[in-house]
């Protein structure tokens, strides 16, 4: 995440007109990395009052196009936005609670992976998302596995039992449908 700086000057340096809506969206992304557009909309409304969801999407698109913020699109999940740009990092996502955190590149240089030599592409970047369970969800599952009720496990590790973000799809829920094939 970027250190706090004059965000209006940042917008100007990138040729973006400074508006209250863009500043509110940029602040929301800076203060809450890996937020969805809905999360950013809520934060921007809390800051400036009246802003339409379309204005939030427009600001996110402009800021992303200008390289001021980064859009991450995990599979089967809403897009998320962050202010950490210009480096080679990846992401870890918890399948249980949806928490996303940054993961520095293990190799240290782009593209971080080796593609097949016969592709004829000049590859300059690889986007990697690691999926698994965060330490809190692993600990909660371990407590449940030894026979304590789930609500005890979530109280013990300081979590409410309700995820702060929508749950990411799990292997058991992917591809489920209400239709029955015969």
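Only the coordinates and a few stated rules stand behind these numbers; no lab work does. Quick caveat, the model's predicted, so the values are computed rather than measured. Because the Cβ atoms are built from the backbone with ideal geometry, glycine has one as well, and the counts that use them run over all protein chains shown.
Computed values, structure above
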quantity	calculated
Prolate/oblate/rounded call for the stretch 1-118, Cα gyration tensor, a/c under 1.5 rounded	prolate
Approximate spin-label separation residue 124-residue 38, in nm, with each point projected 7 Å along Cα-to-Cβ	3.6
Whole-number percent relative contact order across the stretch 1-65, with pairs defined as alpha carbons under 8 Å at least 6 apart	33
